[in-house]
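Asker: So that we are looking at the same thing, I have put the structure below in structure tokens.
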Amino acid sequence: MNLRSVFRQGERLLKKHSPEILTGLGLMTLASSVVLAVKATPKALWVIEHEEIEQAHPLSTKEKVKVAGKLYIPAAAAFIAGSACIIGASSIHLHRNAALAAAASLTDATFKSYREVVSEKIGEEAEKDIHKEVAAKKMEEHTPETKIINLPHGDDTTWCYDPLVDRYFWSTRNVIENAVNVFNRQMRYDMRLSVNEWFDTLGLDHADLADDLGWDIDTNGYLELTYDSRLDKTGKPAMVLVYTNPPKYIGL
């Protein structure tokens, strides 16, 4: 590995972790400013007291600042530098989040355009069949043993598969349809809801990062589901949830 490659890798690491580095530097510098201020205070008090003795009268606040203020310059400089580091870290985070939101928006717009063209070319029903095939293929690639959600169930329940987070659970179509209606009714008030809030409505456990994904009335609309029936790898029949209106990034 040549020296140039080492510098490039170092530069990438610095850019990647710049918010953490700036935050750490900012906190250390702010702490240093407190230490410097504490150390300067005894000397400042001595200088003020000495000046008052010389002038034979108590100094005003303005005079005290004029006499002893310069002793706090290092502490003030450290405080300003620390604040600048933390503000810089926050600015980088905001910029990255904005870029992520823009990328997610672009992806969503591209997918929406693609879906409209596909629907026009092959028909709406055929387009729905493609969604079902994709969900079924995802289901076939995984076995249920490690993904089961053991909800209470009886004779009228169905083995269900959710491709969003690759897991199986017991429920009924009526229960799921009612959950869709409750979820979409809540959407009218909240305007946007996350995938984890959808799982709450279904009675399922939360999933990682699912707070940042969901449905927004103004962009991707209400939650829409269709269903397909497939056999899992063990030969057990399961009802596959097909998200015809998939969630998008709503983290900002």
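Asker: Taking amide hydrogens as modeled 1.01 Å from N in the peptide plane, which residues meet the under 5 Å criterion relative to residue 167, leaving out close sequence neighbours?
Answerer: Correct list: 162.
Asker: If you stretched the chain out fully between residue 65 and residue 28, how much longer would it get, using 0.36 nm times the residue separation minus the C-alpha to C-alpha distance?
Answerer: 10.7 nm
Asker: Moving on to the next point. Quote the FRET efficiency, to the nearest 0.05, computed for residue 41 versus residue 87 with a Förster distance R0 of 22 Å and r equal to the Cβ-Cβ distance.
Answerer: 0.25
Asker: Also: What ³J(HN,Hα) values, in whole Hz, does the Karplus curve 6.51 cos²θ - 1.76 cosθ + 1.60 give for the range 37-44 when θ = phi - 60°, with x put for Gly and Pro?
Answerer: 5, 5, 5, 6, 4, x, 5, 5
Asker: So, R0 is 25 Å and r is the distance between the beta-carbons of residue 170 and residue 190; what FRET efficiency does that work out to, to 0.05?
Answerer: 0.35
Asker: Note down the net charge around residue 45, summing +1 for each Lys or Arg and -1 for each Asp or Glu among other residues with Cβ under 13 Å from its Cβ.
Answerer: Result for the local shell: 0.
Asker: Compute the length gained on full extension between residue 217 and residue 73: take 0.36 nm times their separation in residues and subtract their Cα-Cα distance, giving the result in nm to one decimal.
Answerer: 46.5 nm
Asker: Give, as a single signed number, the net charge of other residues whose beta carbon lies under 12 Å from the beta carbon of residue 68, with Lys and Arg counted +1 and Asp and Glu -1.
Answerer: +1
Values quoted throughout were computed directly from the atomic coordinates according to the rules given, and no laboratory measurement underlies them. Since this is a predicted model, take the numbers as computed values, not measurements. Using ideal geometry, Cβ is built from the backbone for each residue, glycine included, and neighbour counts are taken over all protein chains shown.
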